[in-house]
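In what follows, a single structure is set out as structure tokens and then discussed.
The values are calculated or read from the model by the stated rules, or taken from the named source; none is laboratory data. As the structure is a prediction and not an experimental result, all values here were calculated from the model. Cβ sites come from the backbone with ideal geometry, for glycine too, and all protein chains shown count toward neighbours. Quick note on the areas: whole protein, heavy atoms, side chains included, nothing else; ligands and nucleic acids left out. Shrake-Rupley method; radii C 1.70, N 1.55, O 1.52, S 1.80 Å.
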Amino acid sequence: MIALWIAVAEGVFVAVEKDVTKWTIIAIAVPVLLLYLLVGRAAQSEVARQLSWIAAASQVFAALLAILFIIIKLFVIILIVVLAAVAVVFLYADRPGGPRSKSAP
């Protein structure tokens, strides 16, 4: 639960702060996750193992949120392009002198 709240706080910070981007979050998550995998799991101290797990989990949550936002942004851009293309087709079909405006003699 602590890891999730840290990820939420990090997400809010990224949304508010203009100098920190989604790519920064991903760049921070990779070494923290590697630190947990290589050092944290094998630590002798239970506290060190738990703290490294919390740090790694919070960074994974934050990175997944960043990746999800990137995917959603890409989907929205694709949707806008498709809707613009449909609008152009409708405008072209409804123009004066177009296929619909011709009346039968």
So I have [x] 2, 12, 14, 14, 11, 8, 7, 5, 5, 5, 5, 4, 3, 3, 2, 1, 0, 0, 0; [y] 2, 12, 19, 20, 19, 14, 9, 4, 1, 0; [z] 2, 13, 24, 28, 21, 10, 2, 0, and one of them is P(r) over Cα pairs in 5 Å bins from 0, in percent calculated from this model. Which one is it? [x]
For the chain, what does the accessible surface come to per residue with a 1.4 Å probe? Please give it in Å². 78
Using a 1.4 Å probe over the heavy atoms of the protein chains, calculate the carbon and sulfur portion of the accessible area of the chain as a whole percent. 77
Provide the net charge surrounding A15, with neighbours chosen by a C-beta distance below 15 Å and charges set as Lys +1, Arg +1, Asp -1, Glu -1. 0
Measure nothing but the geometry: give the 0 to 90° angle between the long axis through the Cα atoms of 22-38 and the longest principal axis through the Cα atoms of the chain, rounded to 10°. 30
Of the candidates A57, L91, W5, the farthest towards the positive dipole end of the chain (Lys/Arg Cβ +1, Asp/Glu Cβ -1, centred on the Cα centre) is L91
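Per DSSP helix of 4 or more residues, -39500 (n - 2.57); summed, then divided by the residues of the chain. What does that give at 222 nm, rounded to the nearest 500?
Helix contribution divided over all residues of the chain: -27000 deg cm²/dmol.
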Taking a crude spin-label model, label points 7 Å out from Cα along the C-beta direction, the V12 to A93 distance in nm is 4.8
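How high is the FRET efficiency from W23 to A43, r the C-beta distance, R0 35 Å, rounded to 0.05?
In this case the efficiency is close to 0.75.
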What residue among V39, V86, V20 has the largest mean-square fluctuation in a Gaussian network model of the chain, using Cα springs under 10 Å? V86
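Assigning unit charges at the beta carbon (Lys, Arg +1; Asp, Glu -1) and nothing else, what dipole magnitude in debye, to the nearest 20, does the chain show about its Cα centre?
The calculation lands at about 500 debye.
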Go ahead and set up a Gaussian network model of the chain, Cα springs under 10 Å, then flag whichever of L35, L91, L68 fluctuates most. L91
Would you work out the relative contact order for the chain, in percent, from Cα pairs under 8 angstrom that are 6 or more residues apart? 30
